Amino acid sequence: MAQRNTWQRERVREALAGAPGFVSAQALHATLRDENTGIGLATVYRALAGLAAQGDADSLQSPEGESLYRACTSTGHHHHLICRSCGLTVEIAATDVEEWAQRTAATHGFRDAEHIVDIFGLCAACSQAPVTDAAEKRDAD
C-alpha cells in the first residue's frame, strides 16, 4: 500500500538524508522535535517503514536489536560495513557473500534465497583513536 507524500513524510526523508550514518527512529524524532516540527514519533516510524519498503532507505538491526535507518545511496542489493564507534557506513557489493548464500541455499534445497549481511566493526580512524574510559567500560560489559 502506497503512502501519501505528506509534508511530514518529506521532512522525515530530509532529516534522514541529513543524518550521519544509520539512525534510530527515536533519534530522528528527537532531531525533528528539537526543530519544533510537531511531527510525532508514530509518524516518524510510519515514514521510515515506508521509505525502507520503497527502497529509499536502508534498514538494519543493530547488534543490540534496535532498528536503524539511513537514506539509501545506491540502488539494488548491497551490504554495509558499519563502524560501531562513529557510525561510518560503507556500502559494499560482497560478491563472495552472494555466491556463498546462493550455493548454501541450493545445497539445502532452497530456491529464491534472500539474505541480509551487515558487518559491524571499527573503521580505520576509530581503530587508531585512543580508547576512552567510556569505550573501555562499554566493551567490558
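The values are calculated or read from the model by the stated rules, or taken from the named source; none is laboratory data. All values reported here derive from a predicted model rather than from experimental measurement. For neighbour counting, all protein chains shown are included, and Cβ atoms are generated from backbone atoms with ideal geometry for every residue, glycine included. Note: accessible area is taken over every heavy atom of the protein model, side chains too, but ligands, DNA and RNA are not part of it. Shrake-Rupley method; radii C 1.70, N 1.55, O 1.52, S 1.80 Å.
Report the calculated FRET efficiency for His115 and Ala71 (r = Cβ-Cβ distance, R0 = 30 Å), to the nearest 0.05. Provide the component values of the computation, followed by the final result.
Details: r = 22 Å, r/R0 = 0.74.
Rounded to the nearest 0.05, the efficiency is 0.85.
Please give the Cα centre distance for the stretch 15-63 versus the stretch 95-129, rounded to the nearest Å.
25 Å
When the chain is treated as a GNM, springs tying every alpha-carbon pair under 10 Å, which of Ser24, Ser127, Ser85 comes out with the largest mean-square fluctuation?
Answer for the Gaussian network model of the chain: Ser127.
Would you kindly compute the Cα radius of gyration of the chain and its largest Cα-Cα separation (Dmax), both in Å?
Just the Cα atoms of the chain yield Rg and Dmax of 17.6, 54 Å.
Could you work out which residue, out of His80, His115, His29, moves most in a Gaussian network model of the chain, that is, has the largest mean-square fluctuation with Cα springs under 10 Å?
His115
If you stretched the chain out fully between Asp34 and Glu91, how much longer would it get, using 0.36 nm times the residue separation minus the C-alpha to C-alpha distance?
Working: separation 57, 0.36 × 57 = 20.52 nm, distance 2.99 nm.
That works out to 17.5 nm of additional length.
Name the most mobile residue of Gly38, Gly18, Gly109, meaning the one with the largest mean-square fluctuation, in a Gaussian network model of the chain with Cα contacts below 10 Å.
Gly109
Relative contact order of the stretch 68-122: what whole-number percent is it, with Cα pairs under 8 angstrom and at least 6 residues apart?
Values: 49 pairs, mean separation 23.1, N = 55.
Relative contact order here is 42 percent.
Ignoring ligands, DNA and RNA, what percent of the accessible area of the stretch 3-141 is carbon or sulfur (1.4 Å)? Don't jump to the answer; show the numbers that get you there.
Working: 4800 of 9050 Å².
Roughly 53 percent, rounded to a whole number.
With the other protein chains left in place, how much accessible area per residue, in square angstrom, belongs to the chain at a 1.4 angstrom probe?
Details: 9360 Å² over 141 residues.
That works out to 66 Å² for each residue.
Using Cα pairs under 8 angstrom and six or more residues apart, how large is the relative contact order of the chain, in percent?
Details: 145 pairs, mean separation 27.2, N = 141.
It rounds to 19 percent for the chain.
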